[in-house]
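The structure appears below as structure tokens.
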There are 2 protein chains.
Amino acid sequence: MSAPHSENPLKGVQAFVFDTFGTVVDWRTGISRQLRARFDGIVDDDWDAFTAEWREGYYEMTFAIAKGAQGTLNVDVMHRQILDRMLASPRWAHLAPHVVTDAQRHELVLFWHDIPGWADTTAGLYALKKHAIIGPLSNGNVRTLVDMAKNGDLPWDVILSSELLGSYKPNPKMYLGALQHLSLAPHQCAMVAAHIYDLRAAASHGMRTVFVRRPQEPDAPDDIRAKSDGGEVDVYAESFLEVARVLEAARREEQEDAERARRAGRREGGRELRASL
Amino acid sequence: MSAPHSENPLKGVQAFVFDTFGTVVDWRTGISRQLRARFDGIVDDDWDAFTAEWREGYYEMTFAIAKGAQGTLNVDVMHRQILDRMLASPRWAHLAPHVVTDAQRHELVLFWHDIPGWADTTAGLYALKKHAIIGPLSNGNVRTLVDMAKNGDLPWDVILSSELLGSYKPNPKMYLGALQHLSLAPHQCAMVAAHIYDLRAAASHGMRTVFVRRPQEPDAPDDIRAKSDGGEVDVYAESFLEVARVLEAARREEQEDAERARRAGRREGGRELRASL
């Protein structure tokens, strides 16, 4: 007997939940472009560095809260706290006179609501949505994710966020909350992310894992590979369209399995009929 | 000075949240049709009465829990509890031998995931979605609402449900939770429902109210009228398309207001310029 072919890891998967910032949308380009436009003709600065520091502050705070620290579950509030801290720091204090009022600072926070998807994002999500439930499982708050979806044509079936589920990733509440609300067993739900920490947490709860390589994203070692190549994730892809092709193949295999089972059942039924004659 | 025209009540409304069973989807037809198909050739019965009793049990349980009673927040679990009780009752006991296993009973519960929208539902939701955030604010659980949306082409931007918000309507947690997660002031969010209890609860929290008449739905007195006609709701409509037309008019008025403010600002600026010369 030959070695069994490795089974398509997306067979039986009914829902995909997505890390959003970095995996679905390009926060780096999106935020620095809006900062550049906002300060155009007022002050010229290193907006990529500003964006990176803002994002870094978010990582620090969400990870701390995920491990049990006190803090807000609303990412708008968090982005504002980090912004205020940055504008009070020596590196960025020269910007503070140009963003003085509450409304002006809130305008900058809202930049996180309007970040473009990657080139493959929208087409990939529509392709996946034909065969499965799709939704963000994100540290963003609901309104941020809703606005991002409307601005960027992200056709989510459902939005699952920190504020709804009570913590931040990688806290178990996030993954277990998604499974509970989607009424799924872990192997019926796949986590899609460009960061390995997120997939390792999902795998620890029995979820399927889909790694999508987004160059420049942190926490994405070069040696990540699919299980079929000796690695740790169920699917390795470089775009959502690639993930959709794997899912389409899985659906075809499921149909063939069902057809085979139906035929076997008919044969079985035939045997029973003959036995009873 | 003539009396002011009554202002379009949907001006400034950024999101619409919808009662779902009865308002968005036709549960009566949807469930009884599936029951009829399921029992076709096995047993013939009054499936409209079966459906009505199932629905009645749901009303009783959700209202009790909304007022503080213990009970499940998952409507699949609730529908199963009511079904089991009905199948043990004298009126329906003759059906029990035909739905014996757990899987068979769960199949019936899933009927609630596949209920068709009213004739105007899908087109109306797409029209509203162009100008505002739309989502159910429903006593259904997330998976029921997601399946219903995929089966019935309901293009929700977000799904807000009892299990996510911690109670059932008309408990304040539902309305206040929707406002919190959408980051909206009450007057920026409209509740759409075919039942007056739901709109009265929404209004008590300052939300806008849109009554849509769905014949046969309970708790919809004949004399409901819009405030502009001396009644209590902000908008009275007979279809979602009518609501969309009111919203489109509101958006035009908002643009005109903004244009007037811009011109007034320019005149003001001109006066200031002349004064400083």
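The values are calculated or read from the model by the stated rules, or taken from the named source; none is laboratory data. These numbers were taken from a predicted model, which means no experiment stands behind them. Glycine also receives a Cβ, built like all others from the backbone with ideal geometry; neighbour counts cover every protein chain displayed. SASA here: full protein model, heavy atoms, side chains in, ligands and nucleic acids out. Shrake-Rupley method; radii C 1.70, N 1.55, O 1.52, S 1.80 Å.
General remarks:
- Filtered residues of the stretch B:1-50 (kept if in contact (Cβ under 8 Å) with a residue 60 or more places away in the chain, of a type in the set (Phe, Trp, Tyr) and under 30 Å from residue B:95 (Cα atoms)): B:21, B:27
- Output for the stretch B:204-226, where each listed residue is surrounded by fewer than 18 Cβ atoms within 10 Å (Cβ to Cβ) and out of contact with any helix residue (DSSP H, G or I) (no Cβ under 9 Å at 6 or more places or on another chain): B:213, B:215, B:222, B:223, B:225
- The residue that is nearest to the chain's Cα centre (by Cα), counting only those in the stretch B:134-153 that are within 24 Å of residue B:248 (Cβ to Cβ) and open to solvent by 10 Å² or more (accessible area, probe 1.4 Å), is B:149.
- Boolean, residue A:177 is farther than 21 Å from residue A:25 by Cβ, more than 14 Å from chain B (Cβ to nearest Cβ), open to solvent by less than 40 Å² (accessible area, probe 1.4 Å) and without any contact (Cβ under 8 Å) to a residue 24 or more places away in the chain: no
- Selection of the stretch B:72-90 for residues being charged (D, E, K, R) and within 13 Å of chain A (Cβ to nearest Cβ) yields B:76, B:80.
- Test set (1) of a type outside the set (Ser, Thr, Tyr); (2) more than 14 Å from chain B (Cβ to nearest Cβ); (3) closer than 30 Å to residue B:147 by Cα - residue A:68 fails condition number: (3)
- Filtered residue count, the stretch A:3-41, keeping only those that are under 30 Å from residue A:182 (Cα atoms) and part of a loop (DSSP other than H, G, I, E, B): 15
- Enumeration of residues in the stretch B:157-174 that are open to solvent by 10 Å² or more (accessible area, probe 1.4 Å) and more than 8 Å from chain A (Cβ to nearest Cβ): B:165, B:166, B:170, B:171, B:172, B:173
- Number of the exception - residue A:121 against (1) closer than 30 Å to residue A:84 by Cα; (2) open to solvent by less than 20 Å² (accessible area, probe 1.4 Å); (3) more than 14 Å from chain B (Cβ to nearest Cβ); (4) of a type outside the set (Gly, Ala, Ser): (1)
- Restricting the stretch B:29-54 to residues that are open to solvent by less than 10 Å² (accessible area, probe 1.4 Å) and out of contact with any His (no Cβ under 8 Å at 6 or more places or on another chain), the residue that is farthest from residue B:226 (Cα to Cα) is B:35.
- Residue B:26 open to solvent by 60 Å² or more (accessible area, probe 1.4 Å) and at negative phi: no
- Per-region count, the stretch B:211-229, residues within 17 Å of the chain's Cα centre (by Cα) and not aliphatic (A, V, I, L, M): 8
- Leading residue by the ranking (most open to solvent (accessible area, probe 1.4 Å)) among those in the stretch A:249-277 that are modelled with pLDDT of 90 or more and of a type in the set (Asp, Glu): A:256
- Candidates are the residues of the stretch B:180-210 that are at negative phi and within 14 Å of chain A (Cβ to nearest Cβ); the one that is nearest to the chain's Cα centre (by Cα) is B:189.
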